């Protein structure tokens, strides 16, 4: 179990970098996805929010999640508050589990991440159904599994700027 | 599991308290938006912030399109040019007839003393993106309230009706497609003049005619055009073609499926029609019969 307890010592993360990654995630969400790609598209904002909540629960909180959710609602032209509600509950889940999740390496973390992303989808789905939409079919949940599959790559990518430089190692 | 901070670290309310607070904010927003429609101002303001991000997100696709436009081959341009020339020739003949017919029509209408049909002004709009929402069928186009676009205006392409403007932002407008669930278009069967209501089903390429009696005369291949009685869509625009008629005596209404004519999902430009049709005047309200005197009611109850 050595790999599970292996922890890297990373540099402190810059707040500007968190903001940058969140905006980049919003950009990815706003790319013109159509057709089948839309079904496989993970909610990148939810993914990055979840990552920062687990890694930096003191930096990433409910307020940021609410604002990002409202941003996505305006961008998608959906009911104001549906993504905001889903992201707020996602942040709560992240805060609740962050100590446990951080014990694992990124690949087993997927098992924790997918249920949280599915919860996010279920909340949005529930609000849409209450507002009078039809159930779009189970393919609606594909995106969460794709998001889970992307998690190790995302985790490696977002840790890059915090890696200490080789000179400092000596 | 819950981390208990020492009292000298100020950490604010616990996550559960915050969750309840933020959940109630979101629920309040949802109710305000869905039931009371109070938040359109807020949405407009926020859309100004979102707009640059959306343009950046749309940039790769539009750059790709422009690049592929640039690298068209000589032969494809030649063939397209030949085709367009042919089309314009065949259409110019029709156009000459049209001018003649229009003057004749105007003359006849004046003779009849009817209201002249308003010439609709149109705005060309480019589709920025299709809404990334698996629940609804919507488009966002690059013309907004600064370009005189108003909510409710119909949107067409070269073939037929695409949808209707449902929300207007300063530089963008949201178009709900006719295939969106529960989007209604009043139509007319060109073969026999029967009126019906065409509803979207939420699936691309499928529309249905609602509340049509079992014995109504609808056949496969019938063309449906807008009837214009709603005051939103100008009359006579092609909308759909009947693709399947199912008559089952077990149900009250026939099940009629139609195919949209306009390339609802396959265009880059659409036309927004500014049809300022004055709505027909409401008929004067009928005199209400006076309420029955209470005394009789009481008397009846007593008896």
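The numbers here are math on the coordinates, done by the rules we state, and not lab data. All values derive from a computational prediction rather than experimental measurement. Heads up, the Cβs are rebuilt from the backbone with ideal geometry, glycines too, and the neighbour counts pull from every protein chain shown.
Structure summary
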item: FRET efficiency, residue B:45 to residue A:129 (Cβ-Cβ, R0 22 Å, nearest 0.05); result: 0.15
item: Between helix A:106-130 and chain A: long-axis angle, C-alpha atoms, 0 to 90°, nearest 10; result: 20
item: Gaussian network model of chain A, Cα within-10 Å springs - most flexible of A:33, A:52, A:151; result: A:33
item: Whole-Å distance, taken between Cα centres, linking the stretch B:219-275 and the stretch B:27-69; result: 29
item: Calculated FRET value between residue B:53 and residue B:121, using beta carbons and R₀ = 35 Å, to 0.05; result: 0.65
item: Crossing angle, helix A:44-55 versus chain A [Cα axis fit, 0-90 degrees, rounded to tens]; result: 40
item: 10 Å Cβ neighbours from other chains, averaged over peptide A:92-100; result: 3
item: Relative contact order of the stretch A:1-87, pairs being alpha-carbon contacts under 8 Å that are 6 or more residues apart, as %; result: 20
item: Percentage relative contact order, the stretch B:37-187, counting C-alpha pairs under 8 Å, at least six apart; result: 15
item: Highest-fluctuation residue, A:103, A:50, A:116 considered, GNM on chain A with Cα pairs under 10 Å; result: A:103
item: Distance between modelled label sites at residue A:149 and residue B:101, nm, 7 Å Cα→Cβ extension; result: 5.5
item: For chain A, built as a Gaussian network whose Cα springs stay under 10 Å, the top-fluctuating residue of A:81, A:35, A:148; result: A:35
item: Sites residue B:190 and residue B:28, calculated FRET efficiency, Cβ-Cβ separation with R0 51 Å, nearest 0.05; result: 0.55
item: Computed lengthening from residue A:39 to residue A:107, 0.36 nm per intervening residue step minus Cα-Cα distance; result: 22.1 nm
item: Shielding by partners - mean other protein chain Cβ count within 10 Å, residues of B:51-58; result: 4
item: Added length on full extension, which subtracts the Cα-Cα distance from 0.36 nm per residue, residue B:35 to residue B:65; result: 6.8 nm
item: Peptides ranked, highest mean first, by Cβ atoms within 10 Å: ranges A:37-44, B:59-66; result: A:37-44, B:59-66
item: Residue mean of other protein chain beta carbons inside 10 Å, B:20-28; result: 6
item: Acute angle (nearest 10 degrees) that the helix A:142-159 long axis makes with the longest principal axis of chain A, alpha-carbon atoms; result: 30
